[in-house]
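Report on the following structure.
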Amino acid sequence: MNHIKKECVAMLLAGGQGSRLYALTQDMAKPAVPYGGKYRIIDFPLSNCVNSGIDTVGVLTQYQPLVLNEYIGNGQPWGLDRAHGGVHVLPPYETAAGKAWYSGTANAIYQNIGFIDRYSPEYVVILSGDHIYKMDYSKMVDFHKEHEADATIAVLEVPWEEAPRFGIMSANPDGTIYEFAEKPKEPKSNLASMGIYVFTWSKLRKYLIDNENDEGATKDFGKNIIPAMLDNKEKMVAYHFDGYWKDVGTIDSLWEANMDVLDPKVPLDLLDDSWKIYSRNPVMPPHYAGPNSQIQNSMVAEGCEINGMVDFAVLFAGVVIEEGAIVRDSIIMPNTVIKKGAVIEYSIVGENCVIGEGAHIGERPELIEDKSSWGVAVIGHNVNVSDKAVAPPKAMISKDI
Amino acid sequence: MASMGNVLGLIFANMHEENLPELTKARAMASVPFGARYRLVDFPLSSMVNSGMTQVGIITQAKYYSLMDHLGMGSEWDLARKTGGLHILPPYGRSDNGVYRGRLEALAGAAEFIHESGAEYVIMADSNVVANMDFKPIIEFHEKKGADITCVYGRGVYSSERASKFTVLCVDDNDAVYDVLSRPAISGEMNPALNIYVTKREFLENIIRESECRSLYSFETDILQHKLHDFKVFGYKYDGYFEIIDSMKSYYKANQDMMNRDVCHEVFSLDKPIYTKVRDVAPAKYGIDANVKGSLIADGCIIDGTVENSVLFRGVVVGKGAVVRNSIVMQGTVIEEKASFINGIADKDAALTKNRTITGSMDYPVFISKGANV
């Protein structure tokens, strides 16, 4: 088959387990975790690609890929069902030399050099499926070209006290990166890597092969590729981003990022027509707010039926809140039913759950004396909670109770 | 029984527009918005798809831009097919005869498409009935009766005002149609035709050819009435929920019906969904003073006021202190702060400005036209 050259190909690392989301990633990869009432995390990088004019995207999957594969399908919801390019799901595969899982982020790209080479791109954009943000990658690619860089790394200024959690870049005023430290105890800068890279493909290709041949290497971008390029004095520049960007790798950050969509002060506008976030839409009727419903400060998706009280909550498609039930400061994922009189507070409830009558999930922090025992309660996907059952704060429930 | 994949669907997009002049001024009947996120064409089209049909032609006459925008390539209905799928059939498609006068002339314009489909049966439907209908039993009925034409009808009590817009069927105990009343001046319990007709393709092609020679154009008058005794015409009674949209009042009522949970679950059944165009807007957002009771709300709405017994389409904004009651508000319309909209229908992208109050009656809902700034 004849492949038309693409200036830019994006590779989206979507194979991570997201183990810190526990019950929520037991049967789906992190990028497939629902977010913001109708999205899954992967909608953000995919929509960013399309909106940035990148029409060729490889999605690297490994951990629990079923939900993700089905969700991406032929890419039609994002306009990525293209005759040339489009979205391709790339799982690990067997070769004549043997079979190998993706053993690191760099190894995952290495194993797909063949895919990238088909499009003979000048640049490759490396993305992850872990973050909620809107970003025009084409501006970053332009920046990369203007600086005649070999690698461009998107960075965000973070508060100094949080810097030790990130990969930290030290850069000259002209943007040239001279030092990189992965989660430094004593950070020398507060420029955190966002895990978004633009590489000149011919350069990256060489470093991927060298890294693969180095038996001691961990085959990881942050640990191997970036340091090796720095050591060899390749031109690496920092691209500053100052919009909304949220890592959703932990229960608390996932809960916060969802609450952010309810906060008018947070600069993440999901209703902005000029930078739409696309998603695979469920086919459901509009939601119905019943005669006894009381809904405030919340986001409610299609197919919901609400007869209870909903305050500071994000309800995904097809959620049912029966009479007398109370949902506050919580996230309820698709098709979950909250039965009569149940109370959900400071919780994340997964997809297709049934919370029995009068059950109580989570608790308000002000009612807890020992603050260290308080935290967001989580009910995993497909869990049935029996009538009057109680799940305390910080509970992590992945089996019926 | 014939495979449903061998049944061609034909939907008439522009019939009955005279009954809904306010809403069809700049759009076809088929693209009149309905039920917070749908267009009327979604009902016959989704019914056909859910019945297993894979070839559908939409016969248009005029004002079809918004309809084409809505239907696209048909992918939302899974009709973007390599073979068959969705076809929009504009006028002047075959000859320069111009814009059709009635159903028979419209069919003549689509004669080539009908022939090329190679289908065994044809189901014709208009866009003025809200129902989620299974066509399989209707084809079975047609075969069992050995009918030439099967007409689908409903049963209900209607005023003479409404009956004067219907075709009413008189059906005997064997389901044979023995009389066809066109726009009768009667009231009471009756069998209004739902404008859904089943024939064999070859039979339909013969009718089209003959009618063209004789310059006949009305299927109801020239065929159903005048040739009733030449053909085997049967009536299939549809027992599910339906509403015929024959006036602003019935349009208003049918929208209100969707607030009835049983009706809503029947029409928008999860295993036979009504498909529609995807707009990719964020879920609806409720603000601190939102107070919403008994209403159907689409994605993209921003609600800071009071909404009762109303249908809000995508992207409707209800400002602080505003009240929307017993109303239908279409896509993108803004009810500004402290404005009140009671017993009304607001078309798309309109605005009711701050502090204004507009009140209609439930029998004669007040209407705000598309893009109007009141």
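For region B:217-233, what are the residues that are closer than 20 Å to B:Met15 by Cβ, at pLDDT 90 or above and among the aromatic types (Phe, Trp, Tyr)? Result: B:Phe219, single match.
The rows are residues; the columns are (1) farther than 22 Å from A:Ile277 by Cα; (2) part of a loop (DSSP other than H, G, I, E, B).
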site: A:Ile4; (1), (2): yes, yes
site: A:Val9; (1), (2): no, no
site: A:Gln17; (1), (2): yes, yes
site: A:Ala23; (1), (2): yes, no
site: A:Gly37; (1), (2): no, yes
site: A:Pro45; (1), (2): no, no
site: A:Cys49; (1), (2): no, no
site: A:Ile54; (1), (2): no, yes
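The single residue among A:Pro393, A:Pro365 that is away from chain B (no Cβ under 14 Å), more than 22 Å from the chain's Cα centre (by Cα) and closer than 14 Å to A:Trp255 by Cα turns out to be A:Pro393.
Counting the residues of region A:192-244 that are part of a helix (DSSP H, G or I) and small (Gly, Ala, Ser) gives 3. If the condition is being part of a strand (DSSP E or B), at the interface with another protein chain (Cβ under 10 Å from one of its Cβ atoms) and not β-branched (Val, Ile, Thr), then region B:292-327 contributes B:Lys293, B:Ser295, B:Leu296, B:Glu308, B:Leu312. Looking at B:Ser310, B:Ser361, B:Ser340, just one residue is of a type outside the set (Phe, Trp, Tyr), at pLDDT 95 or above and within 28 Å of the chain's Cα centre (by Cα), and that residue is B:Ser310. Cβ-Cβ distances below 9 Å connect the following pairs, each with a first residue in region B:238-249 that is more than 11 Å from B:Asn132 (Cα to Cα), a second residue that is surrounded by fewer than 19 Cβ atoms within 10 Å (Cβ to Cβ) and among the hydrophobic types (A, V, I, L, M, F, W, C), and a separation of six or more residues or different chains: B:Met248/B:Phe367; B:Lys249/B:Met362. One residue alone among B:Tyr251, B:Tyr197, B:Tyr236 is buried (at least 20 other Cβ atoms within 10 Å of the Cβ), closer than 30 Å to B:Ala346 by Cβ and not assigned by TED's automatic domain parsing to the domain that holds B:Asn326, and that residue is B:Tyr251.
Against the numbered list (1) out of contact with any Phe, Trp or Tyr (no Cβ under 8 Å at 6 or more places or on another chain); (2) under 19 Å from B:Lys285 (Cα atoms); (3) surrounded by fewer than 21 Cβ atoms within 10 Å (Cβ to Cβ), B:Arg314 comes up short only at (3).
Applying a threshold of 7 Å to beta carbon distances and a minimum spacing of six or more residues, or different chains, the list of pairs starting in region B:253-278 at a residue that is in contact (Cβ under 8 Å) with a residue 24 or more places away in the chain and more than 9 Å from every other protein chain (Cβ to nearest Cβ) and ending at one that is of a type in the set (S, T, N, Q) and part of a helix (DSSP H, G or I) reads B:Lys272/B:Asn50.
Of the residues making up region A:275-299, those that are of a type outside the set (Phe, Trp, Tyr) and under 21 Å from the mean Cα position of the chain (by Cα) are A:Lys276, A:Ile277, A:Ser279, A:Arg280, A:Asn281, A:Pro282, A:Met299. Before we move on, is A:Tyr288 in contact with a Phe, Trp or Tyr (Cβ under 6 Å, 6 or more places away or on another chain) and either under 22 Å from B:Arg37 (Cβ atoms) or of a type in the set (Phe, Trp, Tyr) (or both)? Against the criterion (in contact with a Phe, Trp or Tyr (Cβ under 6 Å, 6 or more places away or on another chain) and either under 22 Å from B:Arg37 (Cβ atoms) or of a type in the set (Phe, Trp, Tyr) (or both)), A:Tyr288 does not qualify.
If I filter region B:328-335 for residues that are in contact with a Pro (Cβ under 6 Å, 6 or more places away or on another chain), surrounded by fewer than 18 Cβ atoms within 10 Å (Cβ to Cβ) and within 14 Å of chain A (Cβ to nearest Cβ), do I get at least one hit? No; the residues of region B:328-335 include none that is in contact with a Pro (Cβ under 6 Å, 6 or more places away or on another chain), surrounded by fewer than 18 Cβ atoms within 10 Å (Cβ to Cβ) and within 14 Å of chain A (Cβ to nearest Cβ). Inspection of region A:338-345 finds no residue satisfying the criterion of being surrounded by fewer than 24 Cβ atoms within 10 Å (Cβ to Cβ), within 13 Å of chain B (Cβ to nearest Cβ) and under 22 Å from A:Lys388 (Cα atoms). Residues in region B:9-38 that are in contact with a Pro (Cβ under 8 Å, 6 or more places away or on another chain) and within 14 Å of chain A (Cβ to nearest Cβ): B:Gly35, B:Ala36, B:Arg37. Can you confirm whether B:Ile358 is assigned to a strand (DSSP E or B) and either in contact with a Pro (Cβ under 9 Å, 6 or more places away or on another chain) or assigned by TED's automatic domain parsing to the domain that holds B:Ser47 (or both)? No: the conditions fail for B:Ile358. Listed by first and then second residue, the pairs with beta-carbon distance under 6 Å, at least 6 apart or on different chains, first residue in region B:322-350 and farther than 19 Å from B:Asn309 by Cβ and in contact (Cβ under 8 Å) with a residue 12 or more places away in the chain, second part of a loop (DSSP other than H, G, I, E, B) and among the polar types (S, T, N, Q), are B:Glu336/B:Thr353; B:Lys338/B:Asn355; B:Asp347/B:Ser369; B:Lys348/B:Gln331; B:Ala350/B:Thr333. Candidates in region B:161-192 are the residues that are assigned to a loop (DSSP other than H, G, I, E, B) and in contact with a helix residue (DSSP H, G or I) (Cβ under 9 Å, 6 or more places away or on another chain); of these, the one that is farthest from B:Val129 (Cα to Cα) is B:Asn174. Of the listed requirements (1) touching a strand residue (DSSP E or B) at 6+ places or on another chain (Cβ under 8 Å); (2) touching a residue at least 60 places away in the same chain (Cβ under 8 Å); (3) surrounded by fewer than 18 Cβ atoms within 10 Å (Cβ to Cβ), A:Ile153 misses just one: (3). Taking the criterion of being under 15 Å from B:Ile297 (Cα atoms) and in a loop (DSSP other than H, G, I, E, B), the residues of region B:328-345 that qualify are B:Met330, B:Gln331, B:Gly332, B:Thr333.
Regarding B:Arg39, is this residue at negative phi and at pLDDT 95 or above? Yes; evaluated as a whole, the condition is true for this residue.
When residues in region A:175-217 are screened for being β-branched (Val, Ile, Thr) and in contact with a helix residue (DSSP H, G or I) (Cβ under 6 Å, 6 or more places away or on another chain), 1 of them pass. Within region A:245-270, the residues that satisfy the criterion of being within 14 Å of another protein chain (Cβ to nearest Cβ), part of a loop (DSSP other than H, G, I, E, B) and of a type outside the set (A, V, I, L, M) are A:Asp263, A:Pro264, A:Lys265, A:Asp269. Taking the numbered list (1) more than 13 Å from chain B (Cβ to nearest Cβ); (2) surrounded by 24 or more Cβ atoms within 10 Å (Cβ to Cβ) in turn, A:Glu302 passes all entries but (1).
The values are calculated or read from the model by the stated rules, or taken from the named source; none is laboratory data. Quantities reported herein were computed from a predicted structural model and do not represent experimental measurements. Methodologically, a virtual Cβ is constructed for each residue, glycine included, from the backbone with ideal geometry; neighbour enumeration extends over all protein chains shown.
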